[in-house]
Amino acid sequence: MNKKRCTWAKTDIDIKYHDKEWGRVVNDDRMLFELLILEGMQAGLSWNIVLKKREELRKAFDNFNYNICAKYEDGYLEKQLTNDKIIRSKLKIYSIRKNALAFIKVQKEFGSFFNYMWSFTNYKQINNINLTASDVASKSELSSLISKDLKRREFTFVGETIIYSYL
């Protein structure tokens, strides 16, 4: 049986991600935080690079436990800048703590980050799975709306293109 895949899924790690995770509804806040951070890490890079470094990023950032990430001190974040196994952008690394703090505030307001995100679509999934490569956009009205709201809530690395991919 031939599985239909998007053209970007070329390597083993891409194919595994495509087949097991991409386009799936995620209701676990820890995983939603991880995916949000990974999307931000991708800015200016390929998704394949992020996937290759994902396990080391998990190790460096306590499996993306946002409660722990929110408590990182500058010294810990600075140390990660020397970790050659992860993406070493100072702005991206510091955004992990900042986004964890904002994430926790959203959880308190909405009960969960899942509830917050899904409130934008009245809890209905939008399916763009049948788009061809030439149809795929890099942003939408929805991603722009969510991006603006996340920025208002002091998240970083949440531009409309990043959020479009996150959705």
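The values are calculated or read from the model by the stated rules, or taken from the named source; none is laboratory data. Source: prediction; values computed, not measured. So basically every Cβ, Gly included, is an ideal-geometry build from the backbone, and we count neighbours across all protein chains shown.
Brief remarks on what is shown
- For segment 3-50, taking the residues that are more than 24 Å from TYR66 (Cβ to Cβ) and polar (S, T, N, Q), the one that is surrounded by the most Cβ atoms within 10 Å (Cβ to Cβ) is identified as ASN48.
- Matching residues, segment 25-60, being within 21 Å of PHE103 (Cα to Cα) and of a type in the set (Lys, Arg): ARG30, ARG54, ARG58, LYS59
- Test: residue in segment 148-165 that is in contact with a Lys or Arg (Cβ under 6 Å, 6 or more places away or on another chain), under 30 Å from LYS4 (Cα atoms), of a type in the set (Val, Ile, Thr) and modelled with pLDDT under 95: yes
- The residues in segment 121-142 that are at pLDDT 90 or above and in contact with a Gly (Cβ under 9 Å, 6 or more places away or on another chain) can be counted, and the count is 0.
- Among (1) more than 13 Å from the chain's Cα centre (by Cα); (2) touching a residue at least 12 places away in the same chain (Cβ under 8 Å); (3) assigned to a helix (DSSP H, G or I) - the single one GLU39 does not satisfy: (1)
- Every residue from segment 60-111 that is surrounded by 16 or more Cβ atoms within 10 Å (Cβ to Cβ) and of a type in the set (S, T, N, Q): GLN80, SER89, SER95, ASN99, GLN107
- In summary, helices (runs of 4 or more DSSP H) completely within segment 66-167 and bearing 2 or more residues that are in contact with an Asp or Glu (Cβ under 8 Å, 6 or more places away or on another chain) occur at 66-69, 90-110, 113-119, 141-152, 160-166.
Rundown of residues vs (1) free of Cβ contacts under 8 Å to residues at least 60 places away in the same chain; (2) touching a Phe, Trp or Tyr at 6+ places or on another chain (Cβ under 9 Å), yes/no style:
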| residue | (1), (2) |
| --- | --- |
| ILE49 | yes, no |
| ASP84 | yes, no |
| SER95 | no, yes |
| PHE103 | no, yes |
| VAL106 | yes, yes |
| PHE110 | yes, yes |
| PHE113 | no, yes |
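- Matching residues in segment 7-26 - criterion: being in a loop (DSSP other than H, G, I, E, B), free of Cβ contacts under 8 Å to residues at least 40 places away in the same chain and among the aliphatic types (A, V, I, L, M): ALA9
- Of all residues assigned to segment 53-64, none qualifies as being outside any helix (DSSP H, G or I), of a type outside the set (A, V, I, L, M, F, W, C) and touching a residue at least 12 places away in the same chain (Cβ under 8 Å).
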